[in-house]
Each structure stands twice: as structure tokens, then as C-alpha cells.
Amino acid sequence: MPSRRIEKQLDEPITAHMRTDFTPLNTRQTVEEALATIRESSGEERIIYFYVVDDEGRLKGVVPTRRLLLSPLEKRIADIMVSEVIAVPKTATVLETCEFFIFHRLLAFPVVDAQRRVIGKVDVELYTTELADLDRSVRKDDLFQLIGVHLAEARQTDPLAAFRNRFPWLVANIAGGIVAAFLAGFFEVELQKAVALSLFIPVVLALAESVSIQSLSLALELLHGRQPTVASIVAKVRSEAATGALLGAASAVVVGGVALLWLGQVSVALALLGGIAGSVTCAAVIGVAMPNVLRLLQREPQVASGPVALATTDIATLLIYFNLARWLL
């Protein structure tokens, strides 16, 4: 277990550990002007990335050292920079910053204020050296693993706070279950016409929920520490919709085939084919979109995504399945 001394330092603000001896570049500079600026600066020991700012000092991009050195001198910095930059807020602790290194595997991050002005940077070598100094019996790789475990544990230390954080989102499950019950009652006539439809409700729901959770888990893993955009969400939804359609089609053929052989009712088999294919595709979209949309709305996706996604998936699945059954019957 990490020592008490490590735990104390992990809770310190990152501003106490960041470096301020960095050379920002301006979006209006050319490569030649940027190189001149770097030569004239006091110089820092390690240069990994050059962060690009506007005239107000707001973070606009990042230029890897190799790209800067190999680009034509007349090229503008704005044309060669990478505009999507992962930045650490100045309110972050050392523990929270460590999460950025674990998940993104970058060598440095800029530290920004509320207006995204760059006020410093944190360097992985300096960072790991400081932590290793606290406990030299722990190798750097092991230390990162311990921090990852500590990070998960630290967020669950106060049961009352955890309850307040998680219970409101469980209301989504409760509401979803009530709506699902009303839907079953609303489509009671269809269920009476083909009792077999009700036999397959659990498997239809289970397939959709499983795919939704798979998509959600993958989305959370890729999302960690990033701020999504509408364009990135649309791209992810398109890709996951295609995957969901393939998963839904394969699952629908298996379940529909079994239903046809077992019951010999073509209408039920067709309802299952369409219901599973449609609901699984929809579930994949919901699973990948939910955490991204919540992060875009400044909500905590790890806690909220699961209950909301599952409740939405259940309602969408039953609507697709029952409406298709009504049309076929």
C-alpha cells in the first residue's frame, strides 16, 4: 500500500509541482520566428512539446518538437500545430493529474486556468521522479499501478457522499422500469395475440442491455480526460451504429432461427429478427453517445452513464419490439 506520505502528496495541488520555465509559441508566428523565440528564451532542461497560445495566452494547440524542426521556415505555427490538446486544469490535484498520464500515455501536459490560459506544464519525468523520491522501494511502473488503485478507492471513501452522487441517477432505472411496465400494458393486445412474444422479452432486453454496456464501457475508456465535441460524438456514433448493426443482425438470426424451429410461428420469428437487430443497433448508439453527451454537458459520465443508458435502452428496445410485433400481427 502507498505510504501516508505518498497519499498526502497525491492530494496536493498540481500547481505546486508544475514547471513554469516553458516557452509558449504564438499562433501568428512562422516556424522561423518560433525558432528564434526559443533560442532567445532562457531555456528549459527538457523540451517535449511546444504549446501554442493566442495573444491573450489561451491554449490553442501543441507542436511536437520533431514537427517544428522539420517544417518549412515560412510555415505558420497555426498550420502545423495540433489543435486538440489535453490540458490539466489548475484546480487538479497530483492524484488527478496522475490519471492523465495513466490513460493518455503522453510525456507532458499543459496546466491551464479557467480561461484556458497556460500557466505551467507538468512533465512525466519530473513527476515520476518526485513520487519515486517518496518511496524508493516502489518501481515507477508499480507506482503508477498503485496510484490507479488508490484513485478508484479515494472516490469511494465517504459513503454518504457516494450515495448522494449515485442515487439520483438510479432514479433513471426506476423511471425506466415503470415506463417499461406501462409499455407492456399498452401493448397487452399484441401480447395476447402471440403469447410467445412475451417469452422472448428477457432475451431481447438482455441483448440490448449487454451491447449498451459494452459500448458505454469502451466509450468511457476512450473518453477519459478528454472533452468531446459534437463532431467527435457524431463520428463515434456512426462507427458504433455500424458495429451495433452487425451484432444485432447476428444475434437476431440466432434467436429468430431458434424461435422459428421451436414455435413454427413466422410472425414471431420476424418480430424477433427486426426487434433484436433494431434494438441492439439502438443500444450501441445509446451506449457510446451517453457518456460523451454527459461530459459535453459537464456531468460525471462514470456515475451517470450506466443508469441513464440502461433505462433509455430498455424503453427503446420495448418500443421497437412491440411496435414491430403490432405491425406484423
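Would you tally the net charge around V88, using a Cβ to Cβ cut-off of less than 9 Å, leaving V88 out, and scoring K and R as +1, D and E as -1?
So the surrounding residues net to +1.
Rounded to the nearest 0.05, what FRET efficiency do E84 and S217 have when you use their Cβ-Cβ distance and R0 = 25 Å?
Efficiency, rounded to the nearest 0.05: 0.65.
Sort 228-240, 312-324 for me by packing, meaning the mean count of neighbouring Cβ atoms within 10 Å per residue, highest on top.
For the peptides 228-240, 312-324, the packing ranking is 312-324, 228-240.
Order of I80, I276 from fewest to most other C-beta atoms within 10 Å?
I80, I276
Where a number appears in this text, it was derived from the coordinates with a stated rule and is not lab data. Here the structure is a predicted model, which means the values were calculated and not measured. Heads up, the Cβs are rebuilt from the backbone with ideal geometry, glycines too, and the neighbour counts pull from every protein chain shown.
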